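The structure under discussion appears below in the form of structure tokens.
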Amino acid sequence: MTEILFAAILTDNLALSFFLGICTFLAVSQRLSTALGLGIAVIVVQGVTVPVNALIHAVLLAPGALHWIGLPEIDLSFLRIIVFIGVIAAMVQLMELLLDRFVPALHRALGVFLPLITVNCAILGGSLFMVERRYDPLEAVVWGIGSGIGWALAIIAFAAIRERLRYADMPEGLRGLGGAFIVTGLMSLGFSGFGGLAQ
Amino acid sequence: MTGVLAGVVLLVTLVLALSTALLIARRRLVPDLPVAVTVNDRAPFESRFGTDLLGALAAQDILLPAACGGAGTCGQCRVRVRGEIVAPMPAERARLSRAERRQGMHLACQIRLRAPLTIELPEAILGARGFEGTVLRTRFLTPLIREIVLDAPPDVTASVKAGAFVSLTAPPHDLGFDAIEVPERFSEDWAELRALRAIVTAPVTRAYSIASTPADRRQGQLVLLIRLALPPPDRPRLPPGAVSSWLFHVKEGARIAASGPHGDFRAQQGTREMVLVGGGVGMAPLRAIIHERLDQGAPQPISFWYGARRRDDLFYAEEFTALTRHHPNFRFEVALSDPRPDDGWEGRTGFVHVALREGFLRDHPEPEACDYYLCGPPLMIAAVMGVLNEAGVPPGRIFFDDFGS
Ligand SMILES: Cc1cc2nc3c(=O)[nH]c(=O)nc-3n(C[C@H](O)[C@H](O)[C@H](O)COP(=O)(O)OP(=O)(O)OC[C@H]3O[C@@H](n4cnc5c(N)ncnc54)[C@H](O)[C@@H]3O)c2cc1C
Ligand code: FES
């Protein structure tokens, strides 16, 4: 279990090792407070969708999963993507309702990037990796929450660095996105160092 | 076959289950409940959960100025919320200063009603109301500025204070500039503009300052100065201004949907020397203020510095020259930045901020003891702020009306 958690947060960091969800990562990292909000939203969405998808996969989709209604030969795993995305979409909509109700300022600050989590590759990737790696439902919970934390950690650290960078005397052409890409690269380099720790 | 069937059943059930879950969540989180709103110390009124405050107030005929129509970019729909400070929305952070936010200022268009709310509004705004104005007459003052005189309900004109503005709403329209009647002397300036076309598919509202003198107001007349908003020179393919183009087409007798009076640009009471600096249609509120103060018999020196490019861009000059004759405490100075040889101009030349510095600030014993009122193009306001700052005028003595939003 701890290996999965460790991998989810650090070595297999969705943002910095797999470069998943990078569009949102770059777009919503101007302010630390907004990044923090989005990070928490991603942890919740990931922490719920991965286990739910794991359950659906185990009970309904996987080859032989339907033996409990007497149809052991049916394999619905080809429906994986559409089912996972459906669950993610519903979860994100719920998230929107919750934020709009309880943290309206964050809801506004996230703007279109909140609904865009629906098609965020980090979120779908979390569920697909779970299937690929054959995690059991309990492991899926750890992986879901862990990978959410990992992504949140990456964007929060990145936003904090970007806030500082605003006062740095960077060459004209590197201000803004140019510098952001370089920082992402350096952070990814740093995270790859955790790979050594894992062995 | 059973595989396909199982897949279909599974998908349908899943979608139904997810939708049901969302419906229930929505019912819980966005209940259709009444929410009470209290304005100042009046009796509260009811609105629905989740509506925005700007709309809720409008439904009660409390019309806040809202030039951007609720997008959160004009910063005009300000209200003070009583009670605990709510986290500001991003648009509010951009439009309101830290000090204002600490006092509980908000933009009404950004607030969604979720719990009973008590807000404070200036009584002057509560006096604003929607009305229809009839165009009495129009004329061209300069090639791109048109004067429109509206006949408005007497209670509206009576509640106007100099410096206030009205919001005018243009209906959807599709108007070619070749249909605009332009006086002969400006036809040359207009030759290139004839190809322009203004197409607007939904009603649009914009703010226009009231230039009426007290005498105009007593006759129930709102004098408005409209500057035609042309596409920026470097992007000639953009459409011309939505509302100003329409206002260049309206004819006598037309009825215009309006609301007002709005705004808190005002002359300070008291006897501090007044210096007014303007350019273009910035003339409008300054004219109203000058006439009002002189009409009230203000004893202090009042000077009006107006900047234009050339003779053709100068208007109301005779009127102000006449005022200087009747009121020894009033002084009128014009600076033309780019007079034509055939203008025969013998007055000041150069930018108005330079004229103000050379002709006023430099020799004035106490520039910091005057009140300054600025209204005009953003660049002009910035330049004048610069020379005032140099002369040691504290920002608190400078009042300006910012059209550029
Ligand atoms: C308090 C206050 C008082 C005011 N008083 C006056 C007054 O007395 N007289 C006066 O004339 N004005 C006044 N204004 C300004 C006025 O409210 C309008 O902003 C102005 O008339 C332009 O409105 P419009 O609808 O014609 O132009 P808009 O449609 O708002 O267009 C503005 C400009 O943008 C350009 N444009 C169009 N499309 C685009 C695009 N896609 N991208 C970039 N640019 C584009 C247009 O060509 C135009 O130059 C006042 C404003 C305020 C806030
Ligand atoms: S209506 Fe323009 S900021 Fe609220």
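The values are calculated or read from the model by the stated rules, or taken from the named source; none is laboratory data. Everything numeric here is computed off the predicted structure, so don't read it as measured data. Because the Cβ atoms are built from the backbone with ideal geometry, glycine has one as well, and the counts that use them run over all protein chains shown. For the accessible areas, the whole protein counts, side chains as well, though only heavy atoms, and no ligand, DNA or RNA atoms are used. Shrake-Rupley method; radii C 1.70, N 1.55, O 1.52, S 1.80 Å.
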Task: Burial of 10 Å² or greater, the range B:9-48 residues [accessible area, probe 1.4 Å, versus chain by itself] - done: B:10, B:11, B:14, B:18, B:22, B:25, B:26, B:29, B:30
Task: All-pairs Cα distance distribution in the range B:128-262, expressed in whole percent, bin size 10 Å - done: 12, 43, 31, 13, 1
Task: Loop-located GluC sites (Glu not before Pro) in the range B:27-93, at most 15 other Cβ atoms within 10 Å (DSSP) - done: B:84
- [ ] State the extension gain, in nm to one decimal, for the chain segment bounded by residue B:257 and residue B:24, taking 0.36 nm per residue of separation less the distance between their alpha-carbons.
- [x] 79.6 nm
Task: Interatomic Cα distance distribution for the range B:34-122, bins of 10 angstrom, percent - done: 18, 56, 26, 1
- [ ] Assuming R0 = 25 Å, can you tell me the calculated FRET efficiency for the pair residue A:168 and residue A:36, based on Cβ-Cβ distance, to the nearest 0.05?
- [x] 0.70
Task: Heavy-atom accessible area per residue - chain B, 1.4 Å, Å² - done: 49
Open item on the list: How tilted is helix B:317-326 with respect to the longest principal axis of chain B? Cα atoms for both, answer in degrees (0 to 90, nearest 10).
Closed with: 60
- [ ] For helix B:283-295, report the angle its Cα long axis makes with the longest principal axis of the Cα atoms of chain B; keep it between 0 and 90° and round to the nearest 10°.
- [x] 60
TODO: Roll a 1.4 angstrom probe over the protein heavy atoms and tell me the percent of accessible area of the range B:274-401 that is carbon or sulfur.
DONE: 53
Task: Reference-scaled alpha-carbon Rg (2.2 N^0.38 Å with N residues) for the range B:1-49 - done: 2.23
Task: the protein assembly as shown: translational diffusion in µm²/s, Stokes-Einstein, Kirkwood Rh over Cα pairs, 10 °C, 1.306 mPa s - done: 55
Open item on the list: With 16 Å as the cut-off, how large is the P(r) tail for the range B:231-342, expressed as percent of Cα-Cα pairs?
Closed with: 70
- [ ] Please express the shape of the range B:362-405 as an equivalent ellipsoid: the semi-axes are the square roots of 5 times the eigenvalues of the C-alpha gyration tensor, given largest first in whole angstrom.
- [x] 20, 11, 8
- [ ] Taking only the C-alpha atoms, wrap a convex hull around the range B:146-213 and report its volume per residue in Å³ as a whole number.
- [x] 126
- [ ] Among DSSP beta bridges whose residues both lie in the protein assembly as shown, state the antiparallel percentage, nearest 5.
- [x] 60
TODO: Give the share of C-alpha pairs in each 10 angstrom bin for the range B:180-247, from 0 to the last occupied bin, in whole percents, shortest bins first.
DONE: 17, 38, 32, 13, 1
- [ ] May I ask for the Rg/Rh ratio of the range B:212-283, computed from Cα atoms with Rh as the Kirkwood radius, given to two decimals?
- [x] 1.05
- [ ] Round to the nearest 10 and give me the degree value, 0 to 90, for the angle of helix B:378-390's Cα axis relative to the longest principal axis of chain B.
- [x] 60
Task: For chain A, built as a Gaussian network whose Cα springs stay under 10 Å, the top-fluctuating residue of A:111, A:126, A:173 - done: A:173
TODO: Subtract the Cα-Cα distance of residue B:310 and residue B:269 from 0.36 nm times their separation in residues, and report this length gain in nm to one decimal.
DONE: 11.4 nm
Task: Beta bridge orientation in the range B:34-122: antiparallel %, DSSP, nearest 5 - done: 75
Open item on the list: Viscosity 0.890 mPa s, temperature 25 °C: what is the translational diffusion coefficient of the range B:274-401 from Stokes-Einstein with a Kirkwood Rh over Cα pairs, rounded to a whole number of µm²/s?
Closed with: 166
TODO: Compute the accessible area of each residue in the range B:54-101 twice, once for its chain alone and once with every protein chain present, using a 1.4 Å probe on heavy atoms, and list those whose area falls by at least 20 Å².
DONE: B:89, B:90, B:93
TODO: Label chain B by shape, choosing from rounded, prolate and oblate, from the square roots a ≥ b ≥ c of the eigenvalues of the Cα gyration tensor; if a/c is under 1.5 it is rounded, and otherwise prolate applies when a/b is larger than b/c, oblate when it is not.
DONE: prolate
Open item on the list: Give me Rg/Rg_expected for chain A, where Rg uses Cα atoms only and Rg_expected = 2.2 N^0.38 Å with N residues.
Closed with: 1.11
TODO: Select from B:53, B:22, B:294 the residue whose mean-square fluctuation is largest in a Gaussian network model of chain B (Cα-Cα springs shorter than 10 Å).
DONE: B:22
Task: Kirkwood-type radius of the range A:1-111, with distances r between different C-alpha atoms, in Å - done: 16.2
TODO: List the cysteines in the protein assembly as shown whose Cβ has no other cysteine Cβ under 4.7 Å from it.
DONE: A:23, A:121, B:77, B:109, B:370, B:375
- [ ] Only Lys, Arg, Asp and Glu count, each charged at its Cβ (+1, +1, -1, -1), so figure out the dipole size of the range B:34-122 about its Cα centre, rounded to 20 debye.
- [x] 320
- [ ] Would you mind computing, in nm to one decimal, how far apart the modelled labels at residue B:155 and residue B:103 are, each placed 7 Å from Cα along Cα→Cβ?
- [x] 2.9
- [ ] Could you work out the per residue convex hull volume over the alpha carbons of the range B:340-380, in cubic angstrom?
- [x] 101
- [ ] Under a 10 Å cutoff between Cα atoms, tell me which one of B:119, B:210, B:62 has the largest fluctuation in the Gaussian network model of chain B.
- [x] B:119
Task: Accessible surface of the range B:128-262, 1.4 Å probe, proportion on carbon and sulfur as whole % - done: 51
Task: Paired Rg and Dmax values of the range A:119-199, which use every Cα atom, in angstrom - done: 16.2, 50
TODO: Provide the buried accessible surface between chains B and A in square angstrom, both chains summed, 1.4 Å probe, rounded to the nearest 100.
DONE: 2000
